[in-house]
1. What FRET efficiency, computed as 1/(1 + (r/R0)^6) with R0 = 22 Å and r the Cβ-Cβ distance, is obtained for F74 and D105, rounded to the nearest 0.05?
2. Please arrange E134, E99, E26 by how many other C-beta atoms lie within 10 Å of their C-beta, fewest to most.
3. What is the extension gain from A118 to E137, computed as 0.36 nm multiplied by their sequence separation minus the C-alpha to C-alpha distance, in nm to one decimal?
4. With a 10 Å Cβ neighbour count serving as the proxy for reagent exposure, in which order, fewest first, do M59, M156, M27 appear?
5. Where in region 95-181 are there trypsin sites (Lys or Arg not before Pro) that are in a DSSP coil and have at most 11 other Cβ atoms within 10 angstrom of their Cβ?
6. Which length gain, in nm to one decimal place, applies between T163 and I180 when the Cα-Cα distance is subtracted from 0.36 nm times their residue separation?
7. Work out, step by step, the length gained on full extension between T28 and F64: first 0.36 nm times the residue separation, then minus their alpha carbon distance; give nm to one decimal.
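Values quoted throughout were computed directly from the atomic coordinates according to the rules given, and no laboratory measurement underlies them. Owing to the predicted nature of the structure, the values given are computational and were not obtained by experimental measurement. Cβ: placed from backbone, ideal geometry, glycine included. Neighbour counts: every protein chain shown.
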Amino acid sequence: MSNCSRIHMTGDAKIGVLAVGNNNFEMTWKRFQNWLSKQRLPSFTEAAVDAYFCVGTSMAMGSFGESLINTICFLKRIPRPSPQSQFLSRCGGYRPLAESFLARDSFAICCNVILMRACNDSISYVVKNIRGKEDLETSIVAGFGYGVALSLANGMRGPGVLTVGAICALFNGGMFKAGIKMWAYDHKLNIGKELAKIDHGN
């Protein structure tokens with residue numbers, strides 16, 4: 001009888017735990033839905049201007065990065081790293097990320113920059129709306145997020161992904177403390193809002 005009672009009590013306890021967990025999930029989901037309903041989605045004009053500036057400036061940065069690598073290799077009289085070069089073989093688990101910046105063309109660099117900026121802006125927007133402010137912690141979280149995303153997108157696996165995320169988090173935090181912001185990003189938002197006002201006015 002005692003064994004049976006213990007089994008029944010254990011089963012009741014499991015049901016109670018599941019019920020409490022389900023209630024907590026429903027409350028969390030309702031809070032998220034309430035927060036999401038209060039968010040303002042950008043208009044088509046704002047999104048188009050945002051995409052135009054992001055892609056345009058990223059292409060320019062990709063071309064500049066490739067030119068800079070070629071110039072350094074030319075001045076140092078060393079061949080540019082290739083996927084089969086000995087230099088990349090010394091990078092260990094970081095090789096896919098190093099190869100994507102050093103051994104590929106400007107289009108690959110441009111894709112990396114777009115991914116970094118898109119993740120950084122998206123994570124910053126969400127965290128800023130959740131916490132109600134943009135501070136050092138927001139920049140660090142966004143930096144860690146785009147560092148991890150960049151590593152995974154380029155084929156990295158293992159603990160090195162977290163290392164890259166931590167480095168990007170420190171970089172973003174340093175940029176925030178130094179008061180350095182992307183002028184193009186702030187500027188394009190203002191342009192998008194002005195164009196959206198014109199569209200609504202018409």
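1. Approximately 0.85, to the nearest 0.05.
2. If I rank by nearby Cβ atoms, fewest first, I get E26, E134, E99.
3. Value of the extension gain: 5.0 nm.
4. Least crowded to most crowded, the residues run M27, M59, M156.
5. When the trypsin sites (Lys or Arg not before Pro) of region 95-181 are filtered for loop state and at most 11 Cβ neighbours within 10 Å, K133, R157, K181 remain.
6. Using 0.36 nm per residue and subtracting the Cα-Cα distance, I get 3.8 nm.
7. Difference between extended and current length: 8.4 nm.
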